[in-house]
Every structure is written in C-alpha cells, then in structure tokens.
Amino acid sequence: MIRQGCHLCDEALATVRAVTCEVGAAVTVSDVDTDEQLKSRYGQRVPVILVGETEIAEYRVSADALRAALNPRLPLWRRLFTR
C-alpha cells in the first residue's frame, strides 16, 4: 500500500521491487488514495507491505525481512518475525 508523493513509499517500493526481482515474486502496488476502503483502512499508515494478506512491514521494510517472508521453506513464525 502506497501513496503518491510519499518518500517512505518510494524507498519501500524500491526495496520491494529489488527483492521480488531477486526471488522471482510478483508485486501488486495499490495506491490507498484511489480506493476509499484502502484509504479508510490504512489512512496515513503507509507504506504497508503485505505478503499475501499478512502485513509484514509498515513505514520501512528491510530486504532481509521481505526475503524471509517470501521464503515458503521457512517456518511461518520465522517468516513473520524476521526484522
């Protein structure tokens, strides 16, 4: 979840694109300001990074945490609690 003109969103999106390219995962980018439900749910809390429907980060995302979250071979608890 991003918002146009948000510098943290730009930073997070660069990290997400780099890691997903590295591991071969797909990315869907949603602008919270284009959907009232998203705007209501996330408000000013952007960027928010989800893997599936699980929020793994907000504001800042580390490449290591995203790699772990995208690695299905790791146990679920390990994927969710890597920061």
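Do you know which residues across region 23-54 are outside any helix (DSSP H, G or I) and small (Gly, Ala, Ser)?
Of everything in region 23-54, those that are outside any helix (DSSP H, G or I) and small (Gly, Ala, Ser) turn out to be Gly24, Ala25, Ala26, Ser30, Gly43, Gly52.
Quick one: count up the residues across region 39-55 that are in contact with a strand residue (DSSP E or B) (Cβ under 9 Å, 6 or more places away or on another chain) and within 19 Å of His7 (Cα to Cα).
Residues that pass the stated criteria total 7.
Give me a count of the residues in region 1-12 that are among the aliphatic types (A, V, I, L, M), within 26 Å of Pro72 (Cα to Cα) and outside any loop (DSSP other than H, G, I, E, B).
2
Looking only at region 1-45, which residues are within 16 Å of Tyr59 (Cβ to Cβ), surrounded by fewer than 15 Cβ atoms within 10 Å (Cβ to Cβ) and polar (S, T, N, Q)?
The answer is Gln44, and nothing else.
What are the pairs with Cβ atoms under 9 angstrom where one residue, in region 53-72, is surrounded by 12 or more Cβ atoms within 10 Å (Cβ to Cβ) and the other, located anywhere, is assigned to a helix (DSSP H, G or I) and of a type in the set (Phe, Trp, Tyr)? Sequence gap at least six, or different chains.
Hits for this filter: Glu58/Tyr42.
Name the one entry in Asp31, Asp10 that is more than 12 Å from the chain's Cα centre (by Cα) and either among the acidic types (Asp, Glu) or modelled with pLDDT under 95 (or both).
Checking each option against the conditions leaves just Asp31.
Among the residues of region 40-83, what is the count of those that are modelled with pLDDT under 90, within 13 Å of the chain's Cα centre (by Cα) and of a type in the set (Ser, Thr, Tyr)?
Counting residues in region 40-83 that are modelled with pLDDT under 90, within 13 Å of the chain's Cα centre (by Cα) and of a type in the set (Ser, Thr, Tyr) gives 1.
Just to check your reading of the model, which residue among Thr15, Thr20 is part of a helix (DSSP H, G or I), of a type in the set (Ser, Thr, Tyr), at negative phi and modelled with pLDDT of 95 or more?
Thr15
The values are calculated or read from the model by the stated rules, or taken from the named source; none is laboratory data. If you're wondering where the values come from, they're calculated on a predicted model, not measured in any experiment. Methodologically, a virtual Cβ is constructed for each residue, glycine included, from the backbone with ideal geometry; neighbour enumeration extends over all protein chains shown.
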